[in-house]
Each structure stands twice: as structure tokens, then as C-alpha cells.
Amino acid sequence: MRILVTGGAGYIGSHTCVELLSAGHEVVVVDSLANSSAVALTRVEKIAGRSLFFRQVDINEKAALKSVFDEFAFDSVIHFAGLKAVGESVEQPLYYYRNNFCGTVNLLEVMESYAVRRMVFSSSATVYGEADSVPIPEQSSLSATNPYGRSKLMIEEMLGDLVRARPNWNIDVLRYFNPVGAHESGLIGEDPAGIPNNLMPFIAQVAVGKLDRLNVFGEDWETPDGTGVRDYIHVVDLAKGHLCALETVKETGGLRVYNLGTGTGSSVHEVRKAFEKAAARAIPFEVLGRRPGDVAQCFADVSKVERELGWKATYDLDAMCQDAWRWQSLNPDGYSKV
Ligand code: NAD
Ligand code: UFG
């Protein structure tokens, strides 16, 4: 298949490109490089031993996007392109709605005009808002607690409307839980701008000496050790989930929604200790108050994706930490010092 990967230079996109190339697909990446580096794509080619096509295009630029569709005939689109910083989305909601929501409208319009009606979309467990119970199945009630989450929810609802109006569209919505880790080569990984917001990259930067200590946001949650529990999933497992979705496309069209997680929750202290083992060093920490907007526990019910796609996560927390550490220690400044 020839596949357009929007946001393919980013963290999850680059790992997915490796899997697509390795499976023999032809890959065209469109990325504005708003939050990524083209170096990642060179590394992808090195790992896969094959080339891809890259066009530096913002999906909000319709003419530029169309020119990519003029150049290549696509079988399918995997749509990663989007901004993902929750705090920034609270500060700049219109920027997030423009980029994530309007960008997706633009992309869908261009796809329709070129009769490309197959999309895999990156959604997030954030659409479950404050879930009533765990593990969380796909049919749980949905809500948003910030503009980033609302942009994902709005896109999911728009995709539902599109498929109802145009039943020949084929759309998979994949709700990621907490992607972590890196490719085992140590060549590609997560490269957050500034101080990381998320737990694993923050711990990795403490381990490599760029940050003094981990701030643990609350030890008074209703969880076994009092710290927040999340469903961490290795980014390579996540990438493979996209291939499973692509390869099990329904003949009839329609919209499918799947959780991508391991189905198991880990606490902040469990992640910290697993990372200490992987990096063979202590991670100093301090317990602070709760972070606004956090929930106690969030982990996936993965029975639907296992049953229908035959996909199951394979990497455990130790492997996630080992791979994250290899990436961080080999590339302490990410792609910027290449
Ligand atoms: P990332 O920032 O590393 O990758 C996103 C890529 O999209 C970047 O390369 C960025 O330059 C590009 N991009 C952004 N706006 C663009 C635009 N208008 N036109 C073209 N390119 C654009 O993030 P990621 O972690 O790889 O996330 C990929 C997708 O998965 C995002 O949609 C994100 O919201 C979603 N997601 C991520 C997580 C997570 O924790 N990483 C969790 C759930 C969902
Ligand atoms: N945490 C700390 N210290 C830190 C960072 C995080 O203690 O420095 C804790 C949090 O309080 C939480 C857990 O570690 O209990 C995980 O936090 P992350 O920020 O890594 O992940 P979240 O589950 O809060 O959110 C992430 C993304 C969201 C996405 C969600 C579900 O940031 O955008 O996963 O996919 F919606």
C-alpha cells in the first residue's frame, strides 16, 4: 500500500514509519516540523533500510496538501499531525482548534476530492475525561477536560458524522493510552521541547543529569501506593497497532474505535523504580501536591482490540524503561545536536 503519514516525523509517527517500511509499504510523510526534526526521518530510513518520501507541508495549507495528493496516489492515510501539549492548549485554545480540528477538516476535504477514503486517526484516552471506573472500555462515556482533549473529541464526532453521511469511508479511531519507550536501536525516540510534561521523559532527563529530581504529583490518590496509575504502552507496540488496523480494513466501510494500551496500570513509583533498574542509578524524587486535572487511575480495557484486530501489546514496563534509557543516554539532547 502507498500510505500518507501526517505528522510522520514526530514521536509516534516516526516509529510507525519504521513498521510500515519494514512491512513493505510505500510511505509519504507530510509534516510541518512544528514539533519535530527531519533527522528523525533519516534515522527511520536507516533502521528500515528503505527510503520514504518527505514533504514539509502544514496540513492547514490546502494548496500545498493538494500538491502532495497530485504527486502520489494514496491507498490510505494515517493521521498523526497535531499539537499535544495540554497546558499550551489551555493557554492558546484557538491555536489548538485551528491546528488540530481545522487541519483535520482540511485533510478530509482533500482526501474526499481525491477519492482517498481510508484513515487511521490518532485519538487519545483523554477523551474518557474522568472515567467512572477502570479498566476503561471503548463504549465508556466521553468528555473533555481541556482544549486539547476537546479537539480530539470534536474530531472523533466529526469522523462519526462523515461516515454516517458517506458510508464508503473507512475510518479507524485509535485511542492511545500513555505511549513511552523508544525503538530498540536507540536511533529514534521522544524528543520533547523544553522541560517534559510527561512522566517517562521527565524521569529520563533526571537519569541523564539534565534535571535534578522527579516531582511526584501526589501520594494521596486512591491507589495502592498513593501515586497516579496509568497504562504505559511501548511506542513500538503502538506503531504495530496501526499496521493491524490498516491490514484488517473492512470491505464495507464504516468507523471502528479501539483502545491501544496494555490493560495494566503502573504507578509513578513503579515507573520510577523500573527506570532506576534500567539505568542502574537512583532517581531522586520529591513528593509534591496533586497536579490540577490529573485522575487517580487510567488504564484500558483491551478486549475489543485483541478480539477484533488480533493485536496485543508485548513489551513490559522494564523493556519500556530500557529502551527509553538507551534513546536518552545515546541522544541526551534529542535530535538537536545532530
Ligand atoms: P509529536 O508532536 O511528536 O508528533 C506530531 C507531529 O505532527 C509533529 O512532527 C509535528 O511537527 C506535526 N504537526 C503538528 N501540526 C501539524 C500540521 N498542522 N501540519 C503538519 N504537521 C503537523 O506527537 P506524538 O506523541 O507523536 O503524537 C502523535 C499524535 O498522537 C498526535 O495527534 C497526538 O495528539 C496523539 N497522541 C499522543 C499521545 C502521547 O502521549 N504522545 C497520547 C495520545 C494521543
Ligand atoms: N507525573 C508525576 N510527575 C511528573 C509527570 C507526571 O508525578 O513530572 C504523574 C502524573 O501525575 C500522572 C502520571 O505521572 O499520575 C502520568 O502523567 P503523564 O503526564 O505522563 O501522563 P497523563 O496520563 O497525565 O497524560 C498523558 C498525555 C495526555 C493524554 C493522556 C492519555 O499527556 O495528553 O496521557 O493518553 F491525554
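Below, the figures for the structure above:
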quantity: Residue under evaluation LEU159, criteria (1) within 14 Å of ligand 2 (Cβ to nearest atom); (2) assigned to a helix (DSSP H, G or I), criterion not met; calculated: (1)
quantity: Which listed residue, of VAL120, VAL68, VAL57, VAL77, is farther than 24 Å from PRO167 by Cα, among the β-branched types (Val, Ile, Thr) and either within 16 Å of ligand 2 (Cβ to nearest atom) or in contact (Cβ under 8 Å) with a residue 60 or more places away in the chain (or both); calculated: VAL68
quantity: Long-range neighbours under 8 Å by Cβ, at least six apart or interchain, first residue within 19 Å of ASP70 (Cα to Cα) within segment 95-115, second within 10 Å of ligand 1 (Cβ to nearest atom) and assigned to a helix (DSSP H, G or I); calculated: THR104/ILE155; ASN106/LEU65; LEU107/LEU65; VAL110/LEU65
quantity: Of the criteria (1) under 22 Å from the mean Cα position of the chain (by Cα); (2) outside any loop (DSSP other than H, G, I, E, B), which one ALA278 fails; calculated: (1)
quantity: Selection within segment 79-127 - aliphatic (A, V, I, L, M) and assigned to a helix (DSSP H, G or I); calculated: VAL86, VAL90, LEU94, VAL105, LEU107, LEU108, VAL110, MET111, ALA125, VAL127
quantity: Entirely in segment 170-266, the strands (runs of 3 or more DSSP E) that have 1 or more residues that are over 23 Å from GLN322 (Cβ atoms); calculated: 170-176, 214-217, 254-260
quantity: Subset of segment 190-205 [in contact with a strand residue (DSSP E or B) (Cβ under 9 Å, 6 or more places away or on another chain) and within 9 Å of ligand 2 (Cβ to nearest atom)]; calculated: ASN198, LEU199, MET200, PRO201, PHE202, ILE203
quantity: Subset of segment 292-309 (residues that are outside any helix (DSSP H, G or I) and within 16 Å of ligand 1 (Cβ to nearest atom)); calculated: GLY293, ASP294, VAL295, CYS298, PHE299, ALA300, VAL302
quantity: Candidate set from segment 242-276 (those that are over 19 Å from PRO224 (Cβ atoms) and charged (D, E, K, R)); member that is surrounded by the most Cβ atoms within 10 Å (Cβ to Cβ); calculated: ARG256
quantity: From ALA85, ALA38, ALA34, residue being over 19 Å from LEU243 (Cβ atoms), of a type in the set (A, V, I, L, M), buried (at least 17 other Cβ atoms within 10 Å of the Cβ) and within 14 Å of ligand 1 (Cβ to nearest atom); calculated: ALA85
quantity: Selection within segment 151-196 - small (Gly, Ala, Ser), without any contact (Cβ under 8 Å) to a residue 40 or more places away in the chain and within 13 Å of ligand 1 (Cβ to nearest atom); calculated: GLY194
quantity: LEU288 vs. criteria in contact with a Phe, Trp or Tyr (Cβ under 7 Å, 6 or more places away or on another chain) and either within 10 Å of ligand 2 (Cβ to nearest atom) or farther than 24 Å from PHE217 by Cα (or both); calculated: yes
quantity: ALA313 touching a helix residue (DSSP H, G or I) at 6+ places or on another chain (Cβ under 6 Å), within 30 Å of LEU159 (Cβ to Cβ) and crowded, with 23+ Cβ neighbours inside 10 Å; calculated: yes
quantity: Segment 277-293 residues that are touching a residue at least 60 places away in the same chain (Cβ under 8 Å), paired with ones that are among the acidic types (Asp, Glu) (beta carbon under 6 Å, 6 or more apart); calculated: ILE283/GLU276; VAL287/GLU219
quantity: Unique match (being surrounded by fewer than 21 Cβ atoms within 10 Å (Cβ to Cβ) and in contact with a Phe, Trp or Tyr (Cβ under 9 Å, 6 or more places away or on another chain)) among GLU130, GLU112, GLU91; calculated: GLU112
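Laboratory data are not the source of any read-out in this text; all were calculated from the coordinates shown. Just so it is clear, the structure is predicted and the values come from calculations on it, not from any experiment. Reconstructed Cβ throughout: ideal geometry from the backbone, glycine too, with neighbour counts over all protein chains shown.
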